[in-house]
1. Tally up the residues in region 3-19 that are open to solvent by 30 Å² or more (accessible area, probe 1.4 Å) and closer than 23 Å to Y121 by Cβ, please.
2. Could you grab the pairs with beta carbons closer than 9 Å, sequence gap of 6+ or different chains, first residue in region 11-26 and modelled with pLDDT of 95 or more, second one acidic (D, E) and in a helix (DSSP H, G or I)?
3. Just to be sure I understand, how many residues within region 207-221 are more than 22 Å from E88 (Cβ to Cβ) and open to solvent by less than 70 Å² (accessible area, probe 1.4 Å)?
4. Considering region 66-90 alone, what residues qualify as being of a type outside the set (V, I, T) and touching a residue at least 40 places away in the same chain (Cβ under 8 Å)?
5. Filter region 158-188 down to residues that are surrounded by 18 or more Cβ atoms within 10 Å (Cβ to Cβ) and more than 25 Å from C80 (Cα to Cα), then give me how many there are.
6. Would you be able to tell me the number of residues in region 222-238 that are open to solvent by less than 60 Å² (accessible area, probe 1.4 Å) and within 18 Å of the chain's Cα centre (by Cα)?
7. L91 is checked against (1) closer than 19 Å to V55 by Cα; (2) modelled with pLDDT of 85 or more; (3) hydrophobic (A, V, I, L, M, F, W, C) and fails just one. What number does that condition carry?
8. Looking only at strands (runs of 3 or more DSSP E) that lie completely in region 20-102, which have at least 2 residues being within 19 Å of N116 (Cα to Cα) and open to solvent by 40 Å² or more (accessible area, probe 1.4 Å)?
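The values are calculated or read from the model by the stated rules, or taken from the named source; none is laboratory data. Since the model is a prediction, treat every value here as computed from it, not as a measurement. Reconstructed Cβ throughout: ideal geometry from the backbone, glycine too, with neighbour counts over all protein chains shown. Ligands, DNA and RNA are excluded from the accessible area calculation, which covers all protein heavy atoms including side chains. Shrake-Rupley method; radii C 1.70, N 1.55, O 1.52, S 1.80 Å.
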Amino acid sequence: MVHNNDITCIVVDDDLVDRLMTLSFLKDYPQVKVLGAYSSSVEALDACIKLAPDVLFLDIDMPELNGLQLRAQLMQIPACVFITSFPEYALDGFEVEAFDFIVKPFTSERFEKMINRLQEYFLIRNKSELLSHTLGADTIFIKEGTRQIKLQLHEVIYLEAMKDYTSINTVGKRYMVLESLSHLIKERGFANFIRIHRSYAVQKHYIKQYNSLKVTLANNYTLPVGRNFKETLQNLYQ
């Protein structure tokens with residue numbers, strides 16, 4: 001569990017060099033406490049049940065239990081980051097609620113981005129009882145602690161999924177609500193939003209241009225287009 005903003009984790013990779021590489025990257029983040037590193041997914045399974053880490057860093061292609069199977073048996077652990085040489089496993093990874101999916105070899109910048117998102121996620125998770133929202137006709141009221149913030153829906157440029165939470169992004173500001181993106185965009189007030197990626201939905205009138213890989217929004221925000229959402233985006237302008 002997280003204490004004093006620390007995040008606990010376990011690393012599982014049957015390749016010694018790759019395992020040591022992940023551990024080396026983690027050393028740059030003292031707030032992430034490594035409870036153990038394992039070459040065997042079977043040994044890791046027992047350790048995870050006993051130690052209850054906050055995060056799993058998992059390879060996928062491993063003997064006995066592969067990373068996907070291991071994660072499926074440890075769904076009670078809040079976050080799972082797959083680190084693999086096989087990008088084709090990405091969709092399967094997100095089916096078992098992957099927090100992130102990193103393809104080897106990766107850069108320190110990519111790793112840092114993932115760590116920053118993890119920290120933000122756990123900070124929000126620990127404050128979850130303070131987050132809620134209500135919708136009016138064209139407004140959303142967001143509870144932050146004891147404050148109620150009134151936000152005009154037309155100011156919202158895009159929404160970002162963070163597991164059980166959604167980040168509501170305006171120009172220069174972001175707000176968090178305790179609601180999954182899938183549920184939030186089904187609410188009537190978000191009818192003008194289109195899902196472009198598993199992690200993103202954008203307000204249609206803010207789209208400046210798009211192609212099969214990315215969408216450019218107002219203020220030059222650039223977001224990726226997910227493979228399964230390309231057709232939806234193309235149909236929008238036919």
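1. Count: 4.
2. Close Cβ pairs (under 9 Å, with a partner that is acidic (D, E) and in a helix (DSSP H, G or I)) amount to V12/E43; F25/E112.
3. Matching residues across region 207-221 total 6.
4. Residues satisfying the conditions are G67, L70, P78, A79.
5. Final tally of qualifying residues: 0.
6. Going through region 222-238 one residue at a time, the tally reaches 5.
7. For L91, the exception is condition (1).
8. The qualifying strands (runs of 3 or more DSSP E) are 32-38.
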